[in-house]
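Have a look at the structure below before the remarks.
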Amino acid sequence: MLRTMSQKYDYVLVGGGLQSALLVLALRAQQPRRRVAVIEPRAHFGGNHTWCFHSGDVSDAARAWMAPLVAHRWRGYRVVFPDFERDVDRSYEAITSERLHAVLQNALADGGSTFLGRKATRVGAHAVELDDGMRLDASLVIDARGPSAESNGAVRRAGYQKFVGLEIETSAPHAVGLPLLMDATVEQRDGFRFMYCLPFAPTRVLVEDTTFSDGPQMDRAARRDAILAYAKHRGWDIARVVREEEGVLPMPWRDAFDVPRQAPLRAGYRGGFFHPATGYSLPVAVRLAELVASRAPEQLFGAKLTAFARAHRRQATFCQRLNSMLFQWFPPEQRWHVFRRFYGLPVETIERFYALRLRPLDQGRLLWGRPPRGMSVRYRLTQGAAR
């Protein structure tokens, strides 16, 4: 029988991904004396991911404490469609899993604890039990392990953003100056498809084959081959593939998001705190971290958290309607027209969309006017309504 031992903390964070890293940094900035523990079943915080965000996604105050996480920064980014291209003059930044791991380890070195390679077998309101019998008691437990069918953020009806990415080293400079968020000139299959390119160095670039698809199934080998063919088409001679990453992110159009009222606090994807129309969580995760760090752990569940969650639900509900239109009214090969129209909007609307801070005028700009090409009543009646 495992012997039960216990340790006491102010905060115990379950899951060592982006949300927990942001929480730790915000707490270190606002409540530096608090004792914080982070539990992660793998041997490395952050997994194998790249997280990117736009300049408008975070406040100036948050930018100060999360700055150590930023591994790459660019002055803007580009989008390319068959009949349209645009440079967007807004800063774009990237966080790598390697940087996240190092920063999180450093932030917890004084007054914190890391439990890597340890699994939480029971997560309660004020205590977490580990697989070796240890018990971690806390004033507040925050569950940030990712989506779960039992969580508040359980996805019921959704499309999916799916991607496989290869970070490649080229024999000669690849000449990609700005991040290419969407190259939609590639063949449209399995939904809205585009290549996403992040230039990390003159001879190193991350290329992701991405689709906004009806289902979560993914042919990884075919996507790897497509990335290599894309690189060859661009004239890149690949010296080596440095690493590979992949992901399947929900894009729900009908979802139940409940306002959190009691511990443990479900955060990140597990709590439904993500952007439904992009699948990304960083802008909301930063704001949630700011809120948690502004309150004592015993005082978090109150009017401010309720107001925050309700504001998020209003924004998320609107974006779920956008998802419903995208996946139910547009045949897969025609969905690129929606994004081509979107990138013709004012840059301020684009910025607030990604930040999930849409104003009524922004919502009007997204919906008013002539519909994007490809919108099909027949598809809605014969295919979309059945999903």
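Residues in region 279-292 that are open to solvent by less than 10 Å² (accessible area, probe 1.4 Å) and closer than 18 Å to Phe163 by Cα: Gly279, Leu282. Taking Tyr92 as the residue in question, decide whether it is under 22 Å from Phe163 (Cα atoms) and either touching a Cys at 6+ places or on another chain (Cβ under 8 Å) or of a type in the set (Lys, Arg) (or both). Against the criterion (under 22 Å from Phe163 (Cα atoms) and either touching a Cys at 6+ places or on another chain (Cβ under 8 Å) or of a type in the set (Lys, Arg) (or both)), Tyr92 qualifies. Looking at region 218-332, the helices (runs of 4 or more DSSP H) lying wholly inside it that each contain 2 or more residues that are at pLDDT 95 or above and more than 21 Å from Asp143 (Cα to Cα) sit at 220-233, 303-329. Is it the case, given these coordinates, that Val248 is surrounded by fewer than 22 Cβ atoms within 10 Å (Cβ to Cβ), touching a helix residue (DSSP H, G or I) at 6+ places or on another chain (Cβ under 9 Å), on the phi < 0 side of the Ramachandran plot and touching a residue at least 24 places away in the same chain (Cβ under 8 Å)? Here the answer is no, as Val248 does not meet what is asked. In this structure, does Trp65 turn out to be touching a helix residue (DSSP H, G or I) at 6+ places or on another chain (Cβ under 9 Å), closer than 26 Å to His275 by Cβ and either without any contact (Cβ under 8 Å) to a residue 60 or more places away in the chain or of a type in the set (A, V, I, L, M) (or both)? Yes; evaluated as a whole, the condition is true for this residue. Applying the criterion of being within 14 Å of Leu206 (Cα to Cα) and aliphatic (A, V, I, L, M) to the residues of region 171-186, the residue that is most open to solvent (accessible area, probe 1.4 Å) is Ala175.
Any residue that is at pLDDT 95 or above and open to solvent by less than 40 Å² (accessible area, probe 1.4 Å) - is there at least one of those in region 369-386? The answer is no, given that none of the residues of region 369-386 is at pLDDT 95 or above and open to solvent by less than 40 Å² (accessible area, probe 1.4 Å). Mind checking whether some residue in region 330-346 is over 19 Å from Ala184 (Cα atoms) and crowded, with 17+ Cβ neighbours inside 10 Å? Among the residues of region 330-346, not one is over 19 Å from Ala184 (Cα atoms) and crowded, with 17+ Cβ neighbours inside 10 Å, which makes the answer no.
The values are calculated or read from the model by the stated rules, or taken from the named source; none is laboratory data. Computed from a prediction, not measured in an experiment: that's the story for all the values here. As a convention, Cβ positions derive from the backbone with ideal geometry for all residues, glycine included, and neighbour counts pool all protein chains shown. What goes into the accessible areas is simple: the full protein's heavy atoms, side chains included, and nothing from ligands, DNA or RNA. Shrake-Rupley method; radii C 1.70, N 1.55, O 1.52, S 1.80 Å.
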